[in-house]
1. Answer with yes or no whether MET16 is modelled with pLDDT under 75, buried (at least 16 other Cβ atoms within 10 Å of the Cβ), over 22 Å from ARG259 (Cα atoms) and assigned by TED's automatic domain parsing to the domain that holds LEU107.
2. Quick check on segment 54-83: of everything there that is surrounded by fewer than 17 Cβ atoms within 10 Å (Cβ to Cβ) and within 24 Å of the chain's Cα centre (by Cα), which residue is farthest from PHE116 (Cα to Cα)?
3. Report every pair of residues separated by at least 6 positions or lying on different chains whose Cβ atoms are under 6 Å apart, first residue within segment 185-199 and touching a residue at least 40 places away in the same chain (Cβ under 8 Å), second surrounded by fewer than 17 Cβ atoms within 10 Å (Cβ to Cβ) and not in a helix (DSSP H, G or I).
4. Which one of ASP149, ASP131 is among the charged types (D, E, K, R), loosely packed, with under 15 Cβ neighbours inside 10 Å and within 24 Å of GLY55 (Cα to Cα)?
5. Looking only at residues in segment 200-217 that are free of Cβ contacts under 8 Å to residues at least 40 places away in the same chain and among the β-branched types (Val, Ile, Thr), which one is nearest to ASP131 (Cα to Cα)?
6. Looking only at helices (runs of 4 or more DSSP H) that lie completely in segment 179-283, which have at least 3 residues being β-branched (Val, Ile, Thr), in the same structural domain as ARG300 (by TED's automatic domain parsing) and surrounded by fewer than 21 Cβ atoms within 10 Å (Cβ to Cβ)?
7. For segment 165-178: of the residues being of a type in the set (Val, Ile, Thr) and outside any loop (DSSP other than H, G, I, E, B), which is surrounded by the fewest Cβ atoms within 10 Å (Cβ to Cβ)?
8. Any chance segment 255-270 includes a residue that's without any contact (Cβ under 8 Å) to a residue 24 or more places away in the chain and touching a Leu at 6+ places or on another chain (Cβ under 8 Å)?
Amino acid sequence: MNGKLQKCLHILVCIMLIVVRTESFLVDITYVQSAVPKGADFYNWNRIKIRYCDGASFTGDIEAVDPATKLYYRGARIFVAIMEDLLAKGMKNAKNAILSGCSAGGLASILHCDRFKSLLPIGTKVKCFADAGFFINAKDVSGVSHIEDFYNDVVTTHCFFPQNMAQGIKTPLFIVNAAYDSWQIKNILAPGVADPHGHWHNCKTDIEKCSTTQLQTMQGFRSQFINALSGLGLSASRGYFINSCYAHCQTETQETWLRSDSPVLNNKTIAKAVGDWFYDRSPFQKIDCPYPCDKTCHNRLFDPQEHPLI
């Protein structure tokens with residue numbers, strides 16, 4: 001990689017994560033420190049974090065600069081350059097590989113899932129999982145499609161919403177997401193422009209301060225999310241862990257990934273669910289009940305007896 005690309009990769013926000021198991025990979029980074037006593041999966045894998053600088057999840061590939069915006073849209077070329085560099089350093093010998101990421105990185109791992117698999121040897125076990133990257137196209141509390149307008153240029157240039165293309169992905173894909181994703185609640189359902197008087201401010205800051213009406217509105221958003229998720233299809237190779245936490249990104253810390261008090265579905269933590277799915281021990285396709293949890297992800301904020309489903 002040239003100097004300009006290396007500089008770009010070092011100074012910008014990290015959004016994508018590649019986890020690779022190989023016998024001769026040169027990058028020595030462990031995924032979970034001192035995890036052998038816990039019997040954790042992936043504890044001895046190598047991990048490579050990738051930073052990006054194209055603003056569109058590595059999807060742009062044009063020859064000339066956009067005269068109006070002065071943007072280059074060449075993220076796809078950056079992705080190829082990074083992959084070529086990693087393959088040369090030993091990733092070509094990988095026996096197992098996962099392409100993953102959180103938030104914008106989760107979106108990138110969906111968009112590039114099949115492409116990533118195509119770069120690795122036929123015998124390599126390759127799967128992808130996206131954490132908090134399944135952004136949906138929904139109207140805000142004022143009835144306006146704010147998020148579509150906000151991303152209009154990106155959506156026009158790229159296929160940006162996962163619900164529009166995820167079903168076509170052939171590589172096994174696992175989705176980790178909160179149905180009450182805090183970023184989406186704050187920026188898609190109730191962005192500031194749709195709430196000029198700040199009625200949603202306290203609710204967005206602390207879900208325990210939401211009114212019953214606001215919680216029910218959020219429950220309606222959850223229904224739209226689940227409907228969009230159904231576009232993934234019924235393939236057994238697909239996995240998902242959709243809980244009712246008010247959270248965004250749940251795989252980057254031990255508190256939500258593996259710890260004894262981490263969020264669970266079907267008595268499994270996210271780490272256990274992803275591990276069983278990756279190693280084909282058992283499929284995992286679980287969606288939590290419709291009632292949102294508090295910020296600890298353990299206490300329900302709705303009493304099903306007092307607040308029937310909307």
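1. Numbers: modelled with pLDDT under 75: yes; buried (at least 16 other Cβ atoms within 10 Å of the Cβ): yes; over 22 Å from ARG259 (Cα atoms): yes; assigned by TED's automatic domain parsing to the domain that holds LEU107: yes.
Against the criterion (modelled with pLDDT under 75, buried (at least 16 other Cβ atoms within 10 Å of the Cβ), over 22 Å from ARG259 (Cα atoms) and assigned by TED's automatic domain parsing to the domain that holds LEU107), MET16 qualifies.
2. Per the criteria, the residue is GLY55.
3. As it stands, the answer is ALA194/SER142, since those pairs meet every condition given.
4. ASP149
5. First, the residues of segment 200-217 that are free of Cβ contacts under 8 Å to residues at least 40 places away in the same chain: 201-205, 209, 211, 213-214.
Keeping just the survivors that are among the β-branched types (Val, Ile, Thr) gives 205, 213.
Numbers: THR205: 21, THR213: 28 Å.
Looking at residues that are free of Cβ contacts under 8 Å to residues at least 40 places away in the same chain and among the β-branched types (Val, Ile, Thr), I get THR205.
6. On the way: elements: 201-205, 212-229, 254-257, 270-278.
The helices (runs of 4 or more DSSP H) meeting that bar are 212-229.
7. If we filter segment 165-178 for residues that are of a type in the set (Val, Ile, Thr), which is where we start, we get 169, 171, 175-176.
Checking which are outside any loop (DSSP other than H, G, I, E, B) leaves us with 175-176.
Details: ILE175: 23, VAL176: 26.
It comes out as ILE175.
8. The answer is yes; a qualifying residue exists.
The values are calculated or read from the model by the stated rules, or taken from the named source; none is laboratory data. All figures in this text were calculated on a predicted structure; none of them were measured in a lab. Cβ: placed from backbone, ideal geometry, glycine included. Neighbour counts: every protein chain shown.
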